[in-house]
Amino acid sequence: MAALVKLKKRYAGLFFTIAVDINDNELSYLETIHLFVELLDSFFSNVCELDIVFNFNKVYSILDEFMLAGEIQETSKREILDRFSDWAVI
């Protein structure tokens, strides 16, 4: 069993935690958390806990556009939000 490291990041009262392999680059995962927060902040216009609680399906949809099978699929914030807005129209 692989050893894991727990990374935590706090953004304006929101806490994000991720478990990563001990041999992985921790900075890249912290950047991943940062991009996810930027995506949420752009979509919800200053995201807060209530946005995540009451719109969890939208949060998961944004995460699905951002990550695929635990790997980063897209790093462009504009591209991810454009894809999600196209999906939300349907």
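Rounded to whole numbers, the Karplus 3J(HN,Hα) couplings from phi for region 19-25 are 9, 10, 5, 5, 8, 7, 7 Hz, using 6.51 cos²θ - 1.76 cosθ + 1.60 with θ = phi - 60°, and x at Gly and Pro. Per residue, the solvent-accessible area of the chain (1.4 Å probe, heavy atoms of protein chains only, all protein chains present) comes to 72 Å². Quick check for you: which residues of region 1-39 have the amide N under 15 Å from the point 7 Å beyond the Cα of E49 toward its beta carbon? Under 15 Å, as judged by backbone N against the label point of E49, lie 10-17 of region 1-39. Taken about its Cα centre, the chain carries a charge dipole of roughly 320 debye when the Cβ of each Lys and Arg holds +1 and the Cβ of each Asp and Glu holds -1. Nearest 10 degrees, 0 to 90: what angle lies between the long axis of helix 26-44 and the longest principal axis of the chain (Cα atoms)? Between helix and principal axis, roughly 20 degrees. Helix 56-66 axis versus longest C-alpha principal axis of the chain: approximately 70°, rounded to the nearest ten.
Once Rh is set to the Kirkwood radius over Cα pairs, what Stokes-Einstein translational diffusion coefficient, in µm²/s, holds for the chain at a temperature of 20 °C and a viscosity of 1.002 mPa s? Mind showing how you got there, number by number?
Numbers: Rh = 14.0 Å.
Estimated via Stokes-Einstein, D reaches 153 µm²/s.
Probe radius 1.4 Å, ligands and nucleic acids ignored: give me the carbon and sulfur share of the accessible area of the chain as a rounded percent. Carbon plus sulfur share of accessible area: 55 percent.
The values are calculated or read from the model by the stated rules, or taken from the named source; none is laboratory data. None of the values given here were measured: they were computed from a predicted structure. Cβ: placed from backbone, ideal geometry, glycine included. Neighbour counts: every protein chain shown. Keep in mind that these areas ignore ligands, DNA and RNA; they rest on the heavy atoms of the full protein, side chains included. Shrake-Rupley method; radii C 1.70, N 1.55, O 1.52, S 1.80 Å.
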